[in-house]
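Student: Below you will find the structure I want to go over with you.
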């Protein structure tokens with residue numbers, strides 16, 4: 001029996017059944033012919049590994065490419081694990097709303113843990129694959145991870161749920177379908193590695209191999225924890241040091257707005273089918289066969305070359321828009337970014353340090369504002385609890401989370417340009433800031 005289960009015939013049966021299952025449960029958003037071709041190719045790779053599995057040059061090439069891509073992808077996400085956790089939280093909340101599974105709500109609250117875990121796992125598995133360490137375990141973890149991400153990106157693309165996958169952070173922004181195709185290619189690569197696993201040999205002796213594996217695992221875990229507790233080492237966001245916020249809000253000359261078309265959904269009174277029509281062919285006169293169901297605006301062309309920063313607004317507690325006046329201010333300003341006061345650190349030492357910076361900046365007539373998306377009641381409660389004397393401004397929470405990956409985080413601004421910023425774990429004194437950054 002064991003011999004049968006490990007044989008080629010049984011492998012052909014279970015792989016064929018799996019491909020058939022995927023084909024029949026796949027939603028209509030994906031072209032069936034394309035899907036059939038992809039599934040057929042995957043079935044061939046699973047069942048005809050004898051053709052390519054002994055070609056050392058092919059396995060080495062795919063091994064380096066796959067391992068390198070996992071290391072690169074994991075490193076980019078690990079550079080900004082807080083940003084990646086926002087994206088995971090978005091995924092989990094979407095699935096929770098669509099499925100009602102309570103576990104996903106718990107996962108959304110633990111998005112930061114999952115972010116660090118996934119970043120570390122990606123990098124570690126990439127290193128393990130290249131080193132040839134624990135090959136079978138590494139390949140199984142790789143295939144499980146790529147199946148997870150392929151499902152996420154496909155669901156997102158098919159149902160238009162999450163418009164940016166976060167696979168490569170803010171460095172390379174892939175649309176859901178682009179990310180899905182990237183995952184499909186990686187699935188093929190890992191299948192090829194399974195077929196040629198006998199060719200994946202350790203690159204060095206056992207002692208050195210274990211040493212390399214331990215070092216790579218430590219680095220893979222340490223790096224995302226470091227960037228979480230401080231700030232990204234490499235900043236690709238439009239609020240990075242040296243970026244001008246006002247300039248990044250401008251529309252480029254070649255900007256093209258998104259285009260929408262009105263679509264009508266009509267229900268066939270005989271069959272119950274709901275069909276989509278446009279302005280040129282909707283059956284408004286055929287009341288015997290069709291009844292209007294609903295109307296929607298459908299995106300037919302995404303905007304092209306949009307500004308780097310959108311939706312940036314600063315309002316005082318009375319609803320007055322201060323965006324232009326603050327961005328046109330020529331001197332230095334301090335912004336304390338706190339996207340959600342209920343999620344800010346509870347370490348009172350942090351606020352004592354910020355209060356010191358506030359008092360000294362006030363003496364030097366340097367404006368000092370706190371930016372939050374919390375409401376007036378939450379602001380009053382927060383100011384009372386931590387004895388906060390600063391003025392608060394209201395802004396969009398998503399914008400604030402993009403500005404700095406710290407809650408709170410402090411930004412030094414001059415003439416709308418980001419001069420420097422700090423995580424609350426790395427707060428300098430006012431004198432240090434003045435000496436190094438105010439010239």
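Student: Residue 73 - would you say it is crowded, with 18+ Cβ neighbours inside 10 Å and closer than 21 Å to residue 214 by Cα? Let's see the steps before the verdict.
Tutor: Details: crowded, with 18+ Cβ neighbours inside 10 Å: yes; closer than 21 Å to residue 214 by Cα: yes.
Yes.
For (1) outside the structural domain of residue 78 (by TED's automatic domain parsing); (2) part of a helix (DSSP H, G or I); (3) surrounded by 19 or more Cβ atoms within 10 Å (Cβ to Cβ), each residue gets a yes or a no:
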site: 215; (1), (2), (3): no, yes, no
site: 219; (1), (2), (3): no, yes, no
site: 223; (1), (2), (3): no, yes, yes
site: 247; (1), (2), (3): yes, yes, no
site: 250; (1), (2), (3): yes, no, no
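Student: Which of the following residues is on the phi < 0 side of the Ramachandran plot and at pLDDT 95 or above: 277, 329, 334? Reasoning before the result, please.
Tutor: Working: 277 fails: at pLDDT 95 or above; 329 fails: at pLDDT 95 or above.
Going through 277, 329, 334 in turn, just one is on the phi < 0 side of the Ramachandran plot and at pLDDT 95 or above: 334.
Student: Further question: Of the residues 35, 41, 21, 65, which single one is more than 20 Å from the chain's Cα centre (by Cα), in contact (Cβ under 8 Å) with a residue 60 or more places away in the chain and over 30 Å from residue 233 (Cβ atoms)? Give the steps one after another, and end with the answer.
Tutor: Values: 35 fails: in contact (Cβ under 8 Å) with a residue 60 or more places away in the chain; 21 fails: in contact (Cβ under 8 Å) with a residue 60 or more places away in the chain; 65 fails: over 30 Å from residue 233 (Cβ atoms).
Criteria check complete, one pass: 41.
Student: To continue, here is another question. Conditions first: (1) surrounded by 14 or more Cβ atoms within 10 Å (Cβ to Cβ); (2) more than 26 Å from the chain's Cα centre (by Cα); (3) part of a loop (DSSP other than H, G, I, E, B). Residue 30 passes all but one, so which condition is the exception?
Tutor: All conditions pass for residue 30, except number (2).
Student: Moving on to the next point. Within region 370-393, count every residue that is surrounded by 19 or more Cβ atoms within 10 Å (Cβ to Cβ) and within 24 Å of residue 231 (Cα to Cα).
Tutor: Residues in region 370-393 being surrounded by 19 or more Cβ atoms within 10 Å (Cβ to Cβ) and within 24 Å of residue 231 (Cα to Cα): 6 in total.
Student: Then there is this: Any chance region 196-207 includes a residue that's closer than 19 Å to residue 43 by Cβ and not in a loop (DSSP other than H, G, I, E, B)? Write out each step before concluding.
Tutor: Step one: filter region 196-207 for residues closer than 19 Å to residue 43 by Cβ, giving 196-197.
Filter once more, so that each one left must be not in a loop (DSSP other than H, G, I, E, B): 197.
The answer is yes, given that some residue of region 196-207 is closer than 19 Å to residue 43 by Cβ and not in a loop (DSSP other than H, G, I, E, B).
Student: Filter region 252-265 for residues that are loosely packed, with under 11 Cβ neighbours inside 10 Å and either under 30 Å from residue 282 (Cβ atoms) or free of Cβ contacts under 8 Å to residues at least 12 places away in the same chain (or both) and give the result.
Tutor: Our first condition is that a residue be loosely packed, with under 11 Cβ neighbours inside 10 Å; within region 252-265, this holds for 253-254.
Scanning region 252-265 gives a single hit, 253.
Student: While we're looking at this one, here's another question. Select from region 358-400 the residues that are in contact (Cβ under 8 Å) with a residue 60 or more places away in the chain and touching a helix residue (DSSP H, G or I) at 6+ places or on another chain (Cβ under 6 Å) and write down the one among them that is nearest to residue 245 (Cα to Cα).
Tutor: 392
Student: When you check residue 43 against the structure, is it exposed (fewer than 11 other Cβ atoms within 10 Å of the Cβ) and within 26 Å of residue 132 (Cα to Cα), yes or no?
Tutor: Details: exposed (fewer than 11 other Cβ atoms within 10 Å of the Cβ): no; within 26 Å of residue 132 (Cα to Cα): yes.
So residue 43 fails the test.
The values are calculated or read from the model by the stated rules, or taken from the named source; none is laboratory data. The model shown is predicted, which means the values in this text are computed figures rather than measured ones. We place every Cβ from the backbone using ideal geometry, glycine too, and count neighbours over all the protein chains shown.
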